[in-house]
Amino acid sequence: MREIEPVQVAKRRRDAALAHLARSVPYVRHLGVEFDRRGDELTARLPFDEKLIGNPRIPALHGGAIGAFLEITALMELAWALTWERMEGGGAGAAEIEAGRFPPWPKTIDFTIDYMRSGLPRDVYARARVARMGRRYASVHVEGWQDNRGRPIAQATGHFLMPEGAA
């Protein structure tokens, strides 16, 4: 019978795994994307940086930076779901995660972005929702906003090829 660990220990393990998972992607580090975990829900944050400005006259964030951020958020949501599943399962899967060996990442099939308003020179937040995740395929919807979640600056839908052995 598996021993139940204290809640605070489990939270620290999960937060450490999430931070390690995010740091394992060079482009995530380059953009400075951060993730906040509450239970199994992730909120991503793209901190404002001058290098993200696409049109200095407005000034507005570059659409490519916003699109990349949304795709990173969708992929991280899927990768975290696979990681969470292994951590919750305990045993060898949890030990692999703690050693920094994560499940393979899903691969993007297509990603469609709807830009709804200009991104202002400030932080951007995003949350992804997995619409469907099977053994071979996943569909994810993601919304990005700045000051008001009810007024998204962009939204996207992505389809992903899941790694072998997922779900």
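The values are calculated or read from the model by the stated rules, or taken from the named source; none is laboratory data. Treat the numbers as computed from the prediction; the structure is a model and nothing was measured. We place every Cβ from the backbone using ideal geometry, glycine too, and count neighbours over all the protein chains shown.
A few remarks follow.
- Condition met for Glu34 (without any contact (Cβ under 8 Å) to a residue 60 or more places away in the chain, among the acidic types (Asp, Glu) and surrounded by 14 or more Cβ atoms within 10 Å (Cβ to Cβ)): yes
- Boolean, Arg14 is surrounded by 16 or more Cβ atoms within 10 Å (Cβ to Cβ), in contact (Cβ under 8 Å) with a residue 12 or more places away in the chain and not in a strand (DSSP E or B): yes
- Members of segment 17-35 that are over 22 Å from Glu143 (Cβ atoms) and part of a helix (DSSP H, G or I): Ala17, Ala19, His20, Arg23, Pro26, Arg29, His30
- The listed residue being at pLDDT 75 or above and surrounded by 15 or more Cβ atoms within 10 Å (Cβ to Cβ), out of Thr83, Thr112, Thr108: Thr83
- Segment 36-67, residues that are under 13 Å from Val124 (Cα atoms) and in a loop (DSSP other than H, G, I, E, B): Pro47, Phe48, Asp49, His62
- Top-ranked residue of segment 134-151 - restricted to ones that are surrounded by fewer than 19 Cβ atoms within 10 Å (Cβ to Cβ) and in contact with a strand residue (DSSP E or B) (Cβ under 8 Å, 6 or more places away or on another chain), ranked as nearest to Leu70 (Cα to Cα): His141
Yes/no matrix, rows are residues, columns are (1) in contact (Cβ under 8 Å) with a residue 24 or more places away in the chain; (2) loosely packed, with under 15 Cβ neighbours inside 10 Å; (3) hydroxyl-bearing (Ser, Thr, Tyr):
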position: Glu41; (1), (2), (3): yes, yes, no
position: Pro47; (1), (2), (3): yes, yes, no
position: Pro56; (1), (2), (3): no, yes, no
position: Gly67; (1), (2), (3): yes, no, no
position: Ile72; (1), (2), (3): yes, no, no
